[in-house]
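*Asks:* Before anything else, here's the structure in question.
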Amino acid sequence: MSKDYVIVSSILNADLTRLGDVIREVEAAGVDWIQIDVMDGHFVPNLSFGPSIVEAIRKVTILPLDLHLMIEDPDRFLETFAEAGSDSITVHVEACPHLDRTLLAIRDLGLRAGVALKPETPASAVIEFLSLVDLVLVMTVDPGFAGQTFIPSTLSKIRQIHSLLEEIDPRPRIQVDGGITAETAPKAASEGADTFVAGSAILKYPEGIQAGVEALRNSLSTVTV
Ligand code: DX5
């Protein structure tokens, strides 16, 4: 591949009856990070995982654990998720009235800090915070559920964020999440995305997890930005 692309396996729609095996399988398949989607039923219309799942996953993998907090007032839980074994925490700009303080608090815990934007949130919402993050997550579906279809209009936002980040050193990563497949990943990469979160395209790939990861990586091998 022409760039240091990062492949991230979401576990939102993993078979939870064998979560440990799934984590070992995605690690063996060569994913770079594991993403854990935390949902509170308020910020998004779904409930998912808490710190105990992070603690459990921490015991079975050495891969970085990338927490995506889709919750109201995430400040309440930063320390809890840090102690549970997270390596990075991404919060939504829409859920943080004092985003600068939240991002600094994440970094003060020794974690990488990320900010996420829903599809309808413009890039301008995060412009003054870009020097405080290690990652910008451009959601390519409405957050809350796995298995949704990629929203093509988010491609222009990826491009906007990419140009805004050129001024920042060290340059934060651009993560995309939602409907990321071997078809949509190269489109996002062409606009500047470099970190790709996939649930269904890995965990539900017809030929299995290893083949799903390979399909994603191969789809990125021809991209030139
Ligand atoms: C949405 C979730 C999903 C999940 C990946 O809130 O964040 O995007 O990680 O799901 P897929 O890859 O199945 O769209």
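*Asks:* From (1) crowded, with 17+ Cβ neighbours inside 10 Å; (2) of a type outside the set (G, A, S); (3) without any contact (Cβ under 8 Å) to a residue 12 or more places away in the chain, pick out the condition that doesn't hold for L155.
*Replies:* Status for L155: all satisfied but (3).
*Asks:* Which helices (runs of 4 or more DSSP H) does the stretch 179-225 wholly contain that include 1 or more residues that are within 15 Å of the ligand (Cβ to nearest atom) and under 19 Å from I161 (Cα atoms)?
*Replies:* Those helices (runs of 4 or more DSSP H) span 185-190.
*Asks:* From the list T195, T121, which one is in contact with an Asp or Glu (Cβ under 7 Å, 6 or more places away or on another chain), hydroxyl-bearing (S, T, Y), under 30 Å from E83 (Cβ atoms) and touching a residue at least 24 places away in the same chain (Cβ under 8 Å)?
*Replies:* Of T195, T121, the one residue that is in contact with an Asp or Glu (Cβ under 7 Å, 6 or more places away or on another chain), hydroxyl-bearing (S, T, Y), under 30 Å from E83 (Cβ atoms) and touching a residue at least 24 places away in the same chain (Cβ under 8 Å) is T121.
*Asks:* Sticking with this structure for a sec: Condition (residue is open to solvent by 40 Å² or more (accessible area, probe 1.4 Å), of a type outside the set (A, V, I, L, M, F, W, C) and within 16 Å of the ligand (Cβ to nearest atom)) applied to the stretch 123-140: is it met by at least one residue?
*Replies:* Checked against the condition, which is being open to solvent by 40 Å² or more (accessible area, probe 1.4 Å), of a type outside the set (A, V, I, L, M, F, W, C) and within 16 Å of the ligand (Cβ to nearest atom), the stretch 123-140 yields no hits at all.
The values are calculated or read from the model by the stated rules, or taken from the named source; none is laboratory data. Because the structure is predicted, anything quoted here is derived from the model rather than measured. When we count neighbours, we look across all protein chains shown, and the Cβ atoms used for this are built from the backbone with ideal geometry, even at glycine. Please note that ligands, DNA and RNA were not included when accessible areas were found on the heavy atoms of the full protein model with its side chains. Shrake-Rupley method; radii C 1.70, N 1.55, O 1.52, S 1.80 Å.
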